[in-house]
Amino acid sequence: NEFDRRNFEAPLDLSPPPDVRQPWRVLIKMKLQEYLARTERMLSIEELADEFHMSSKTLRRRLDAEGISFRQLKEEIRREMVLKWLAEPDIPIGEISLRAGFAERNGLVRAVRAWVGFSPKEYRDLMIGNWPAPPTGAAACSSRSAH
């Protein structure tokens with residue numbers, strides 16, 4: 001039957017129905033990530049609210065209803081972007097600090113230590129497989145006995 005064959009040959013459309021909206025958290029996160037990558041600065045809540053044609057108070061209420069604050073969302077994005085950039089050895093750590101909007105490199109160091117327990121350089125070395133090998137032989141014995 002020609003009709004049945006056409007139904008099975010049609011591509012499967014997995015996009016959400018037009019009336020299904022993304023959560024505000026997802027929409028804002030995408031907008032902030034795109035803007036940060038393009039301009040190396042974060043949008044303010046007021047600028048974001050303008051993008052969505054609403055007041056900043058309304059946008060804050062919508063985020064609150066989803067259980068997250070604008071500040072938490074910005075921190076989450078900053079963390080994701082910084083850790084992604086640190087995995088790229090061609091980007092200097094000082095540039096990552098500027099891209100992520102830290103006023104000084106020490107801010108980046110403190111933030112990365114809080115997120116992953118390592119300095120930015122240590123984290124980068126770990127991500128690119130440049131972590132120093134554990135000591136062997138006599139050096140291993142003396143370092144173990146020191147602890």
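The values are calculated or read from the model by the stated rules, or taken from the named source; none is laboratory data. All values reported here derive from a predicted model rather than from experimental measurement. Here the Cβ positions follow ideal geometry from the backbone for every residue, glycine too, while neighbour counts run over all protein chains shown. SASA here: full protein model, heavy atoms, side chains in, ligands and nucleic acids out. Shrake-Rupley method; radii C 1.70, N 1.55, O 1.52, S 1.80 Å.
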**Prompt:** Which residue out of Asp50, Asp90 is within 18 Å of Ile128 (Cβ to Cβ) and either of a type in the set (Asp, Glu) or at pLDDT 95 or above (or both)?
**Reply:** Asp90
**Prompt:** Where residues in the range 31-69 are in contact (Cβ under 8 Å) with a residue 40 or more places away in the chain and open to solvent by less than 60 Å² (accessible area, probe 1.4 Å), which of them is farthest from the chain's Cα centre (by Cα)?
**Reply:** Ile68
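Any residue that is within 16 Å of the chain's Cα centre (by Cα), closer than 18 Å to Met30 by Cα and not hydrophobic (A, V, I, L, M, F, W, C) - is there at least one of those in the range 102-118? Steps first, please.
Initially, the range 102-118 is screened for residues within 16 Å of the chain's Cα centre (by Cα), giving 102, 108, 111-116.
Next, only the ones that are closer than 18 Å to Met30 by Cα stay: none.
No; the residues of the range 102-118 include none that is within 16 Å of the chain's Cα centre (by Cα), closer than 18 Å to Met30 by Cα and not hydrophobic (A, V, I, L, M, F, W, C).
Hey, could you check the range 93-103 for residues that are of a type in the set (A, V, I, L, M) and at pLDDT 90 or above and say which is most open to solvent (accessible area, probe 1.4 Å)? So that I can check it myself, show each step before the final result.
Taking the range 93-103 first, the residues of a type in the set (A, V, I, L, M) are 93, 96, 98, 100, 103.
From the residues that got through so far, the ones that are at pLDDT 90 or above too are 93, 96.
On the way: Ile93: 22, Ile96: 0 Å².
Checking each candidate, the answer is Ile93.
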**Request:** Could you grab me the full set of residues in the range 22-54 that are touching a Leu at 6+ places or on another chain (Cβ under 9 Å) and among the hydrophobic types (A, V, I, L, M, F, W, C)?
**Result:** Trp24, Ile28, Leu32, Leu36, Met42, Leu43, Ile45, Leu48, Ala49, Phe52
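Would you check which residues across the range 104-147 are modelled with pLDDT under 80 and either in a loop (DSSP other than H, G, I, E, B) or within 19 Å of Leu36 (Cβ to Cβ) (or both) and list them?
Kept after step one, since they are modelled with pLDDT under 80, are these residues of the range 104-147: 130-147.
Once the filter is applied, which keeps residues that are modelled with pLDDT under 80 and either in a loop (DSSP other than H, G, I, E, B) or within 19 Å of Leu36 (Cβ to Cβ) (or both), the range 104-147 yields Asn130, Trp131, Pro132, Ala133, Pro134, Pro135, Thr136, His147.
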